[in-house]
Every structure is written in structure tokens, then in C-alpha cells.
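Note sheet for the following structure.
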4 protein chains.
Amino acid sequence: MQFFSDNAAPVHPQVMQAIIDADQIDAPYDGDAWSQKLDAAFSQVFETEVTAIWVATGTAANSLALAALCPPHKGIICHRLAHIEQDECGAPGFYTHGAKLMLVDGEGAKVAPDAVTNTLAAIRDDVHQVQAAALSVTNASEYGLTYSPEEMAALGAVCKERGLGFHLDGARFANAVASTGASPADLTWRAGVDALSFGCVKNGAMNAEALILFDRDLAKDTRYRLKRAGHLMSKGRYVAAQLLAMLEGDLWLSNARAANAGATLIAEAAGDRLLYPVQTNEVFLKLGPGEADALRAKGFDFYDWGVVMPEAGGEARFVTSWNQDAEAVRPLADAIAAL
Amino acid sequence: MQFFSDNAAPVHPQVMQAIIDADQIDAPYDGDAWSQKLDAAFSQVFETEVTAIWVATGTAANSLALAALCPPHKGIICHRLAHIEQDECGAPGFYTHGAKLMLVDGEGAKVAPDAVTNTLAAIRDDVHQVQAAALSVTNASEYGLTYSPEEMAALGAVCKERGLGFHLDGARFANAVASTGASPADLTWRAGVDALSFGCVKNGAMNAEALILFDRDLAKDTRYRLKRAGHLMSKGRYVAAQLLAMLEGDLWLSNARAANAGATLIAEAAGDRLLYPVQTNEVFLKLGPGEADALRAKGFDFYDWGVVMPEAGGEARFVTSWNQDAEAVRPLADAIAAL
Amino acid sequence: MQFFSDNAAPVHPQVMQAIIDADQIDAPYDGDAWSQKLDAAFSQVFETEVTAIWVATGTAANSLALAALCPPHKGIICHRLAHIEQDECGAPGFYTHGAKLMLVDGEGAKVAPDAVTNTLAAIRDDVHQVQAAALSVTNASEYGLTYSPEEMAALGAVCKERGLGFHLDGARFANAVASTGASPADLTWRAGVDALSFGCVKNGAMNAEALILFDRDLAKDTRYRLKRAGHLMSKGRYVAAQLLAMLEGDLWLSNARAANAGATLIAEAAGDRLLYPVQTNEVFLKLGPGEADALRAKGFDFYDWGVVMPEAGGEARFVTSWNQDAEAVRPLADAIAAL
Amino acid sequence: MQFFSDNAAPVHPQVMQAIIDADQIDAPYDGDAWSQKLDAAFSQVFETEVTAIWVATGTAANSLALAALCPPHKGIICHRLAHIEQDECGAPGFYTHGAKLMLVDGEGAKVAPDAVTNTLAAIRDDVHQVQAAALSVTNASEYGLTYSPEEMAALGAVCKERGLGFHLDGARFANAVASTGASPADLTWRAGVDALSFGCVKNGAMNAEALILFDRDLAKDTRYRLKRAGHLMSKGRYVAAQLLAMLEGDLWLSNARAANAGATLIAEAAGDRLLYPVQTNEVFLKLGPGEADALRAKGFDFYDWGVVMPEAGGEARFVTSWNQDAEAVRPLADAIAAL
């Protein structure tokens, strides 16, 4: 059983069915009936009028958001281990035309308000230094930790006070919402978030993510940037249909809950091997000599995290997917408990 | 019945089935079994070792190819009506970091060797003027016309002599191959083409195009650029599977033949209303007063081309898709004949 | 005697003296006393509050202005023979991060309002086509022709109506003002110009041009872009001093008048050999067989314009400099008259 | 007396005279007699054939070098306090089209081979992470420390082994050569350096730096990039003349020796107030309460370094210029000794 990443799981059957149901002629690009429903569907989720734009990847969603919030000559504050810094091959630099990622530290890949203000304090207000224009945080974080509405609001307050745009990388936003029980609105625009990468691929979709713009003025230029980046697919209905299926009946939340439950079960079995609290669907474990091999011998695959992410260090990472709920991962939990 | 564009047609059933068959866990990105088969599958089609990279859109394929062939400070010669100039919102400028499209004229959106050499002759060889680095042509052209192997070879000879990279936008390459009966190899690398955007979306795929690199040295940097542009989808198998399905049993050619046959039938009905010879699946007609309305009243939809493409002018454009073969389009042909 | 270009002339003695007078310690970059006086000095010339920024080259001034007026995904309308298109090696594409130059035709390298509106009319209002964001014209034009205040105002009205920024390349603005007698204000901001490249190098300076921002909100980002482009010289006082010397006692106008007078004398001698009316300091002549050689044999150097600018064609170009007034160029005039 | 920075000093009389002597007509841009002599003059200094290109600023020299050595999708390893990271407003990101600066630590702003290899070790060899393409170090460093030929060679060996380009920011290269007595060749190309920013502005020039390309293949594209960046000044002779004057009679070294001697005298007076050894012309001092004020009261101006460079911290920085030799700075030395 694979625990490498939730980005390799199959597509949820309801999403696949939605794709099949979209298999008919309609207007090209985003002129079709499915694409046209996205704004309303996401506005309902977020309890406010939003613009929702489909893209095929989280990297595209993140980069388009950052390009909307940061001009080429400024910078974006983010965690040193943020996906935008570590795992997108410099995509933000490409989309922003060279803006700088300004790296901060923080436990579990979370950013604290102090880290932001300290970064700002270290920048002289003159043309020789790159000035900050935006903050980007990830919820759930790259280590599976969540931000509470209060934590988000505190960051949002700093952004507002200091004139920073506020982007939320929500590759696992569903897992964070499912875990905290907080409302999508409280975790985003009510806390000052301007743009959200609403992840679906890691949560049961095939190749559909949503870029949610709470600041709807950002939409116009973003649509041009999207096309210019080659991300405006001709047959958008197959993408939009996935997003609508994810929202239908709150599939996004039930999928996330299942994955979270799987991770929780693993965490319970892991006891003091845990390197971080397990709040969503990622489990980082300390394993003794031979233990990784023992688990692999039983058919469990996962990453040696210190190899994947040398800067981060750590040991073994297990990520559960929408189809790996508590029941499904019990064999792994048992194997870990038996170590 | 819609004849707006082949980019809005449904997905061919064999392609949809391939997507469904890929619905299982496998390595993420392009590490899966399907993606790993692409080089071999396309190498067979082209009778030489190629690197084949999947992308979701033709704009991405074109732009990645051009970025591989042209540095930021140089230029790409193309037709004034080329898709890369007219319909990609400046994507080549984004991917190349500002390279210049150098526009030439030519009947039916085709580029002749003279147009290339004349453009080169008008550029001073000094640092004040942007120098040309590449040529990009489209086969079938934006007006549905094909290049013969000899025409391609003549262009390739100019490129070789003048040190230009050679890109072929093959959004409708299948239609061109089906129409001319020429071999894919003769229309590409044997004529000197370095990189080909092998279109599938307009020919029955959902969201999969292939970037074919005949100059395989271009692959390494291109893979980084692809990721950096947010085009490396997590679940690449669903994309790769589409391409494999298109090649399986030469579906790409039978689909193209069907679309071409539909266009041919329309053309025969159109007689001297034709503005261009119909060689593939696009038909441009001159219609008299009230005739467009008459056709629409009978349920046939199409573009007033002078509205869509003011610079090009022209009148009514009909494009047939893989599911609009001669039999399917007979009602339109009859309606045109009856005008 | 050389008539290749006014960009090769010596520095005017008053400018050189100003440089020498600036040879003392002061604050670096643009914090010095000279740089601090620029806004006031140029505001007086233009009868309104402007921001004046020194740069070393006209290409930098033009590109910074265009970057301030056009985002990466839009375009700038300009003449096919404009310096920004022909002679800056794609600098606008670099500074704007890939914006497109949208080329129009027009006699004598001048742009008419119709050319602008026709260009706009040919652009579909959708995300597939690059939208125009700005207009750039050159006064005096690349063929030495001037715009009247009325002509500028007509262009400005189009810009205002269509939401375009308006840039004026004034590499030879002094010659245009001297020729028309129009006020600097009427030729710029009163006609709707947002940013002006105020040329000095071709008019007696060493390496100092002024970027004049009538829309002063453009200044903040522009200062960062300037630094980021490596154009913020450490010892700015030597540059600022040149600009102040050019304005002092209207040296910029007397220099331009001298050059214009030289060109006028040549034009009078040339009679019907003239290809364009001579309004400033450029003279384009039609020469018969052997005549270019004959002039060169007498020591007069000039460009065969068809060689320098193949796209433009034309024959012999003579440009007079600040130190080539009517008296100085009389030998050339006599030689032409004697042909 | 000012000790803010060597970038505010007057121009050395021999340099000013060279500018005045260049005040005549000649070919524009870099076609003049002075510019044409640069390659030969610098080749003599470096004991090998080099290409020498003038630019007006060190930021331009650095950025052009980095753009030549690093494609947009890769990264440049440099010190966290490097000028290219701290003080150029993201210019490398602009010129490279978004390449990433990969920051390392090291005493006195120096980079050790281990820091480079550790950085490389932390980068996974896959397309998700930005790969390193170049190393940039500064000699003398931003804290005035020098690299020996052996230290440079050790860095060069890492670059060669790992396929990195090697750039040297030599804003104060003259001071480093003067201090170490090492040959220019040993500190550069013999150690594997591909491109050097040879600083002159901080050493007595007005607005002339030299970009020295030891890898002469880099020159062709660089000349286009230079023009495209608006750095090809029309009257290049006034810039080239400065560089020739700096080399003439080794003025660059005598100026640097004078500045170094001034700093050494200050250092001797400072005793254990010194925060770094003084090897060139920068002195960083720890001052007690009121002491900075006391020095300023006596007319000595300098930076509170913790204010200028919050990330670096530190206290008072004094920089001596070419005209502040031991004799000139004695009053400051005495004042410090008297604290």
C-alpha cells in the first residue's frame, strides 16, 4: 500500500462520473455550462461572492495568485519549507517575472506573525532592497499542521497593516477545514486572505484545482495571465465538472475526513515516534534502524523524508489519501504498532 | 450542429476508456507507466528516436518549444495569422521572456522560404536589432492548408543554412498527414523540424497534447520549464493515457480522416463560394446577404470569421471534428447547396 | 565632416563644465544636490509639477516609461519604424516582461489617430488576443517630422477614450519644440502624454537623458525598476548636472535650433532631391548614381539609409548635430547643390 | 569628512582628464577608438585574452554576468550578505528572468567551498527543485575581506566539478589585488572564474565599470543583452576612456593602495574595537555609548551599519576612498584613538 503522497491516488468515482457526464459538445475554453457555474458554487462554500478559476495544477494556481499580488520588483514572504519555495521549480519567479521569495522559519512549516514583521523590519525602505508585497502561507502546512481562524486573522491583520497581499496555498485546504471544523470563510477572506489555491487533485480530482479570488478585482488580469501561461484548456468543461463534483454534497470534506482519519489512526499507533502532531493527513515518524525496511517488507511504501527534502530533514513521511480511511490503513497502523 | 471549432468536440470513446483504465494508483507526475511509454510510442510513429512530453494545451506545447529554440533577446519568424501570434495572448513572449514574433505574410497562412529570407535580409547584423533565432510554421495552417514534404524541406533548408531552429505547430498535424498521405517523418525531422506540437485535443482527446522533440538535447531544460510553468500535472497517467489511445491503431489518423472527409463534402457543396481550397477540416466560405442567417435558422452554427479575426477578414468558417464525417455533415452540405 | 548621427557629437562645453563643477563629494545615487533639483527645473519647463528621473540612455528612458504604462500581458501601439521597435534590440520586451509592440504604418514614421483606432478595432476583446495598453509616438519622428500640439491632442484623446497610456519618445524633442515653436506643455501633458523620454544625448549631453513623468504616480515603481535594471548610477550628480546645464538658459533649445538650421540649409540646397520635408535636423535625400561617392570623396560622411534600415528603405540620411549649424554645414550644402 | 562609501568620492583627476580628452567626434556606441582598445588593455592586466565590456554600474555588470551564466530556471549560489542579494533591488532576478539566489552563510561575507557543496547536497536532482547553475562571490567581500588565490582556486574547483559557472563581483577587486599582492590572473581565470565585474566607480571613475569575460563565448549574447537593457550608451568613448585611464600606469592599483592605507591607519587606531580584520578599505567598529555622536561632532560621517543593513547587524562602518589615504584620514584615526 502506497503512502508516498495523496497526489497519486485514483480519481474519486463521483468525479470520474462527472467527467463522463461532461462528455458532450459545449462552448470551448471556459464558456461552457460547467465553468459558468463555478463562481456561484464556490461563493456558496465561502459565504461571499468570489471568482473561481479552474487550473490543472496547484503550481499554476499558486503562481497565478502570487503574480496577481506581487509586481516583478517586489517580494513574497513565505516559509522556508513552503511548496512554492521547495517544490515548484521556481514557478513563482516565472509567473511574477522575478519577484523574490523571502524565507522565514517556523515550527512545522507554519508562519507566525512575528516572522513576518521581523522580515519586514530587516528591509530598508529604499530602492536598493526588494520590498515585500505579499505573504503566502499553506493550510494545512507542508507538515500537515493547521492554522486556526485566529491564527489566520492575526496574519491577515499584519498584512492589512503593512499593505501586503495575502495568499493561501490550500493544496490540502479541505483537510484543514475537516480537521479544524472552522468555516471556509473564517479561514480565508474573513481573515484577510485575497486569493486561495483550493486544492482538489490531492483530494480525489484528476487534474482540477480552483483559484479562488476573494479580491475579485484580481480576476481580470488573472484571466489573461492564465491564457498567456497556456493554462486555458480548450475543453474546460471536463475540468470544471471535477470541481463541481468535489463540491457536490461536500465530497471535498468527506474525502478529507477519510484521509484525516486514516492519518489519525496511524498516529495513534505511532505513539512517541511522531515528529509532529497529526492534524490532517500527513504523518512524520521517527523510525529506528531496520524499521523502515521492515515496513516496506510488509508492502508499505513511503518516503524517507530526509532524502526527499534534505533541507527539512526528518525521517519517514506517510500521507493518506481520500481512499485510505481508518479502516484502509489499519494494516499499516498494526505494522507500526508491532515495530 | 456546431461547426465553430474542433476544439469543442466530445472526447473519442477510446480516449475516454483509456482515461478510465488509468484510474488506479501509480507514480505521480510523469513517473507512471503510461508516461514512460510515450517516447517509444511516438518514436515508432516518427521512425526515429524522439522525446515526447505531454502537456494539457497546444499553447503550452508551442510556447515550450519556442522557449527551447529562442533566447529572450532574439526573435521567431512566423505568419501574421499564426496561432502563436493571434490567439495565445502573448504566450510565446511569456515563455521566451520577451522574444519577438517577426511576422510575415503568405497565402492561406502559409509561410514560403522567400518570406523567411526576406525577413532575415531586412535585419541588420548588429546589436540594435533583434536577430532571428527560429521559424515557426503551422501544418495544417490556420486556413486549413497543408505543407508537402518538399515545402517543409525547403523551409528546413533555409533554417539550417541560416542557423534557425524550426518549430512546427501541429495543432492539426493529424489532418495534414491524413490529407497529404506524407509520412510523419517526412513532414517533420527529415525536413529539419526540431520540435513539433503534436495536437490531439482538436482530434478527439480531452486535455492532452504532445510536445515532440526531435532534437532530444532540448528535453532536459524543457522539463524544468514545464514544471516551472505549472504544467507538470500530478496525475500524469490520465494525460499520457490519452496520447497512447490516440496512437493506438492509428486513431489519430482515422479521426483526422473523418473530419477531413466532412470538410471535403461541405467544400464540394460550396462550389465557388470557397475562399480557400479545402485540404483538411476547415472550410472558409463567401456567403451572400441573408445566407448566414438562413444556415443558422436550420441549426448550423459557425463563426463569422471577419468578426473573430478582424485582421484576417474572410467570411464564414466551418470546422469539422472527428465525429463530423461526410455522413454527419451531409445536412449542412445540402443546406449550402440549396442556398 | 560626419553626418551619421547626432548621437556621436562632442559634448557641449557648458555641459562639460557642469560635469567638472560637479566633481566633488556628495550623496551617492540620486541623493545629491543636483539630482534633487531636477523635478523643479523640469516642472518649470513644462509649467506643471513633474517627476524627472535621470538615466544614461534613451533606450532606458523609453523602456522604463513603457514598463510603467503596460503590464506584461498587454501591448503597445507604435509605428513600424519607431526606435523602440527597430533599434533597441527588444528592450521594451525586456522591461515590460514580454509586452507586444503592435505596429502601425504612417507617413514619415508618424502615427495618426486612425492608425490607433484601426489597430484597436482589429483586436477581439477576449483573453486569446493581446490587448493594447499604451501608445508610443516619437516627436520629432524617426524621419525628422514633427507633431503639432493639435496632432498630439488628437492622439491623446484617443488614448483617453480607449484607456491607453501615452508615451512620447522625445529623443529629439528639443528639435521638435524648436521647430514648431509650440510649448513643451502643449506637446506633452496638455495633450494627454503620461511619460516623456526627454532626450539630451543627441543634443549636446554626454550620457544623460531625462524621463519625465507627468503622471507622478508612476514614479514610485519606476524608481525600483530603474535600480533593478542597474541604471541607478552611484555618482548621479555627474548625470544630473548635465541635465541642469541643458536647461540652463535654454541651452537645449538653442542647441536644437542650431542643428535644425543646419538641416534646413542642406534641405534648401537639396531641392527636389528631398524625400521628406525637413522640419528638424534630419535630411533624407535621393541621390543619383555616383553622387554618394562624390560627396564622400569631398569628406562628407553619412548613412546609406537603405542599408541601415532595410525595412524602411530610402537613400541617404544626413543628421546635423548641435555643433553643425547653418554656417558649419554650408560646405555640404554647396556640395549637394553642385551635384 | 565622509566615510559613508567609496561610491561618493570625486573622480580622479586623471580620469576626468581622460573624459575631457575624449571630447571629440567618433563612432557612436562602442565603435569608437577608446572602446576598441579595451580588450587589449584588460588582456594585458589579466595575462590572457579577455573580452572587456564597459557598463555604467556594478549592478549592470553583475547582472549581465549572472544572466550569461544562469538560465531563468536555475539558481546562483551567493552569500546571504552579497551585494547582488542585498543591494541591487533584485536586479539578478530581472536580468536572468527569475533565477533564484541560493543564500549561504560565512564569516565576513565570504563563501567557503563547504557552503557551496552543502547547498548542492540539499537540492534534489529532480525537476521540482531549482538546480544551481552558478556561484557568485565578492572579492573584496562586502565586509572588506579578501580571498587568496588558493581560496579562489578551491571555489573554482568545486564549480568545475559540479558544473557551475563562476562569477566574481569585483566592485573592490582593486583593493583586493592591492591588499593581497596576488596577480589579477591568479584571483580570477586561473582559479576558474568565468566572468568578473571589475569595479572602477568606487575607485576613482565617474560612471564606468568593466565586465571582464574570461569565457569569451559569453560575449556575443551579452552584447545583445547589454543593448536590450538600455546600457549601450551612445557616446561610449567617454566611458571607455575612464577605464583606460584607470589602467594607465596602474592607477587602479595606486588608488586602491591609498584607500587601503587609509583604512589600515584607522584600524590601527581602533584596536580591539575592530569587528573584522581590515584587509582592504572597509572598517567595521564597535562603538560605545555616545562615541558615534562624539565622532560625528568632530565632523566625521559614517553609517550605523545595523540601520543600513539590519540583517547583517554590526555597528559603525567607515569606508575610505582613493583620496583618503593614511595622511588624509589621520584626523579620524586620532579621534578614534582618543575615544
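With open to solvent by less than 10 Å² (accessible area, probe 1.4 Å) and assigned by TED's automatic domain parsing to the domain that holds residue C:82 as the only criterion, which of C:157, C:171, C:178, C:191 stands out?
Values: C:157 fails: open to solvent by less than 10 Å² (accessible area, probe 1.4 Å); C:171 fails: open to solvent by less than 10 Å² (accessible area, probe 1.4 Å); C:178 fails: open to solvent by less than 10 Å² (accessible area, probe 1.4 Å).
Only one candidate passes the filter, namely C:191.
If you check D:145, D:101, D:155, D:120, which single one turns out to be within 12 Å of chain A (Cβ to nearest Cβ) and more than 30 Å from residue A:71 (Cβ to Cβ)? It would help to see each step written out before you state the result.
Values: D:145 fails: within 12 Å of chain A (Cβ to nearest Cβ); D:101 fails: more than 30 Å from residue A:71 (Cβ to Cβ); D:155 fails: within 12 Å of chain A (Cβ to nearest Cβ).
It is D:120.
Which condition number does residue D:108 fail, the rest of (1) under 23 Å from the mean Cα position of the chain (by Cα); (2) surrounded by fewer than 21 Cβ atoms within 10 Å (Cβ to Cβ); (3) without any contact (Cβ under 8 Å) to a residue 40 or more places away in the chain being met?
So the condition that residue D:108 fails would be (3).
So is residue B:229 touching a Ser or Thr at 6+ places or on another chain (Cβ under 9 Å), buried (at least 18 other Cβ atoms within 10 Å of the Cβ) and small (Gly, Ala, Ser) or not?
yes
Residue by residue, here is whether (1) farther than 18 Å from residue C:141 by Cα; (2) in contact with a Cys (Cβ under 9 Å, 6 or more places away or on another chain); (3) touching a residue at least 40 places away in the same chain (Cβ under 8 Å); (4) not β-branched (Val, Ile, Thr) holds:
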residue	(1), (2), (3), (4)
C:235	yes, no, yes, yes
C:248	yes, no, yes, yes
C:261	no, no, yes, yes
C:272	yes, no, no, yes
C:297	yes, no, no, yes
C:305	no, no, no, yes
C:310	no, no, no, yes
C:323	yes, no, yes, yes
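Condition check ((1) surrounded by fewer than 24 Cβ atoms within 10 Å (Cβ to Cβ); (2) more than 9 Å from chain D (Cβ to nearest Cβ)) across all residues:
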residue: C:197; (1), (2): no, yes
residue: C:207; (1), (2): no, no
residue: C:218; (1), (2): yes, yes
residue: C:242; (1), (2): no, yes
residue: C:257; (1), (2): yes, yes
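Filter region B:12-52 down to residues that are at negative phi and among the hydroxyl-bearing types (Ser, Thr, Tyr) and give me whichever is most open to solvent (accessible area, probe 1.4 Å).
The initial filter retains those residues of region B:12-52 that are at negative phi, namely B:12-28, B:30-46, B:48-52.
Then drop every residue that is not among the hydroxyl-bearing types (Ser, Thr, Tyr), which leaves B:35, B:43, B:48, B:51.
Details: B:35: 14, B:43: 13, B:48: 41, B:51: 7 Å².
Within region B:12-52, the match that is most open to solvent (accessible area, probe 1.4 Å) is B:48.
Matching residues to (1) closer than 30 Å to residue A:11 by Cα; (2) touching a His at 6+ places or on another chain (Cβ under 8 Å); (3) assigned by TED's automatic domain parsing to the domain that holds residue B:200:
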position: B:21; (1), (2), (3): yes, no, yes
position: B:27; (1), (2), (3): yes, no, yes
position: B:36; (1), (2), (3): yes, no, yes
position: B:41; (1), (2), (3): yes, no, yes
position: B:46; (1), (2), (3): no, no, yes
position: B:49; (1), (2), (3): no, no, yes
position: B:52; (1), (2), (3): yes, no, yes
position: B:85; (1), (2), (3): no, yes, yes
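Within region D:213-240, which residues are within 11 Å of residue D:18 (Cβ to Cβ) and over 20 Å from the mean Cα position of the chain (by Cα)? Explain how you work it out, then say what you get.
First pass over region D:213-240, keeping only residues within 11 Å of residue D:18 (Cβ to Cβ): D:237-240.
If the condition is that a residue be within 11 Å of residue D:18 (Cβ to Cβ) and over 20 Å from the mean Cα position of the chain (by Cα), then D:237, D:238 are the ones that fit.
Against the definition (among the aliphatic types (A, V, I, L, M) and either modelled with pLDDT under 95 or within 21 Å of residue C:64 (Cβ to Cβ) (or both)), how does residue C:193 come out, yes or no? I'd like the intermediate steps shown before the answer.
Details: among the aliphatic types (A, V, I, L, M): yes; either modelled with pLDDT under 95 or within 21 Å of residue C:64 (Cβ to Cβ) (or both): yes.
Judged against the criteria, residue C:193 is a match.
Which of (1) surrounded by fewer than 22 Cβ atoms within 10 Å (Cβ to Cβ); (2) touching a strand residue (DSSP E or B) at 6+ places or on another chain (Cβ under 6 Å) is the odd one out, the single condition residue A:77 does not satisfy?
It is condition (1) that residue A:77 fails.
So if I check each of B:67, B:18, B:60, which one is within 11 Å of chain A (Cβ to nearest Cβ), closer than 30 Å to residue A:322 by Cβ and either free of Cβ contacts under 8 Å to residues at least 40 places away in the same chain or not in a loop (DSSP other than H, G, I, E, B) (or both)? Before the answer, list the steps.
On the way: B:67 fails: closer than 30 Å to residue A:322 by Cβ; B:18 fails: within 11 Å of chain A (Cβ to nearest Cβ).
When all the criteria are applied, what remains is B:60.
With open to solvent by 10 Å² or more (accessible area, probe 1.4 Å) and modelled with pLDDT of 95 or more as the only criterion, which of B:238, B:224 stands out? Give the derivation first.
Working: B:238 fails: open to solvent by 10 Å² or more (accessible area, probe 1.4 Å).
Answer to the check: B:224.
The values are calculated or read from the model by the stated rules, or taken from the named source; none is laboratory data. Note that this is a predicted model, so its numbers are computed, not measured. Virtual Cβ from ideal backbone geometry, glycine too; neighbours counted across all protein chains shown. The accessibility values were calculated without ligands, DNA or RNA, using every heavy atom of the protein model including side chains. Shrake-Rupley method; radii C 1.70, N 1.55, O 1.52, S 1.80 Å.
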